[in-house]
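Here is the structure we will look at, set down as structure tokens.
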């Protein structure tokens, strides 16, 4: 059986390790408790978190014990890593709601039914009760402000004159470092894993644990999931790929199959076989087989050429997430509503004249069927789902009209 560190490296989970030889020896010497954390800054985990969950799953399969940490405490502060401006603070109610959703999502990938197998915890349990003076005396004394300022996430914000960085976010690295020191003392945690943007926070925790407990612990980070321009996906910018879904169990592709996908991608890059397989497995992990089938239906609806007929409301919502939606009373369908009028009402055209030109030019689709008759009247027979009409103008502009 391959060494756990080799498995993680082979699968792309390793970019930097605080001490590779030491960690290799540690993982060879018996069960190791390790942790990965996610702050509840949104109501769902995203595709970047899936890397962390899968890394935890692989280590758990190798016999080690994961601690899935939901940052109900640190989430009240906000991590400045990878951000150019101050994070909007959430209310206690928002955080509590997000924490519960993240807990549910994490348990789909790792096994926490037995505490000896894995743990799911919230750092609000110990951070909320900290006394400020005691924390500054016992923890703050171990941090150099010079080193804190030199960290990339802080330095970049300090150079941004318009936004800068608040003391609140500046203090975040103390809290995350304290998490590691606390978990070492509470459950014997010896390893923290995370994305490469967490390297500064993780190494701060490694150092603090050594100073507070006199013991050596380790950190490991993987490359970030990036956009095609090399930038990190942003939750605040609406770019994240969310993981919220119903029940599932993890799926693990063997390396031989991955190698074949790499070859197929080189042979047919336009076909994107590796990307399609990745999307399939990521969806299966978080959504299960039923969710995968629904996702495929939504994809077919969005990118296919077949007329929409039997799509349910949830599939419509998934396929056209973010598309402008307009509600009209169902009474408007008694006599029917003109296609041009509908285009204007949906915001797809500014006037009947513009709507007519779009239709006559063949640029309008009604439920994915070309609508080239300006005199067409939309009636009940055109409804799909629970009373919806989908308008498409051009190749990418979608508009939903719901009669309810």
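Check whether at least one residue in region 40-53 is in a loop (DSSP other than H, G, I, E, B), within 24 Å of residue 210 (Cβ to Cβ) and either modelled with pLDDT of 90 or more or touching a helix residue (DSSP H, G or I) at 6+ places or on another chain (Cβ under 9 Å) (or both), and report yes or no.
Looking through region 40-53, none of the residues is in a loop (DSSP other than H, G, I, E, B), within 24 Å of residue 210 (Cβ to Cβ) and either modelled with pLDDT of 90 or more or touching a helix residue (DSSP H, G or I) at 6+ places or on another chain (Cβ under 9 Å) (or both).
Take residue 4 and tell me if it is farther than 23 Å from residue 215 by Cα and either in the same structural domain as residue 207 (by TED's automatic domain parsing) or touching a helix residue (DSSP H, G or I) at 6+ places or on another chain (Cβ under 7 Å) (or both).
When the stated conditions are applied, residue 4 does not pass them.
Out of the residues in region 65-104 that are assigned to a loop (DSSP other than H, G, I, E, B) and touching a strand residue (DSSP E or B) at 6+ places or on another chain (Cβ under 8 Å), state the one that is surrounded by the fewest Cβ atoms within 10 Å (Cβ to Cβ).
82
Rundown of residues vs (1) within 23 Å of residue 375 (Cβ to Cβ); (2) at pLDDT 85 or above; (3) surrounded by fewer than 19 Cβ atoms within 10 Å (Cβ to Cβ); (4) out of contact with any helix residue (DSSP H, G or I) (no Cβ under 6 Å at 6 or more places or on another chain), yes/no style:
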| residue | (1), (2), (3), (4) |
| --- | --- |
| 316 | no, no, no, yes |
| 320 | no, no, no, yes |
| 326 | yes, yes, yes, no |
| 335 | yes, yes, yes, yes |
| 342 | yes, yes, no, yes |
| 351 | yes, yes, yes, yes |
| 354 | yes, yes, yes, yes |
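The values are calculated or read from the model by the stated rules, or taken from the named source; none is laboratory data. Computed from a predicted structure; not experimentally measured. When we count neighbours, we look across all protein chains shown, and the Cβ atoms used for this are built from the backbone with ideal geometry, even at glycine.
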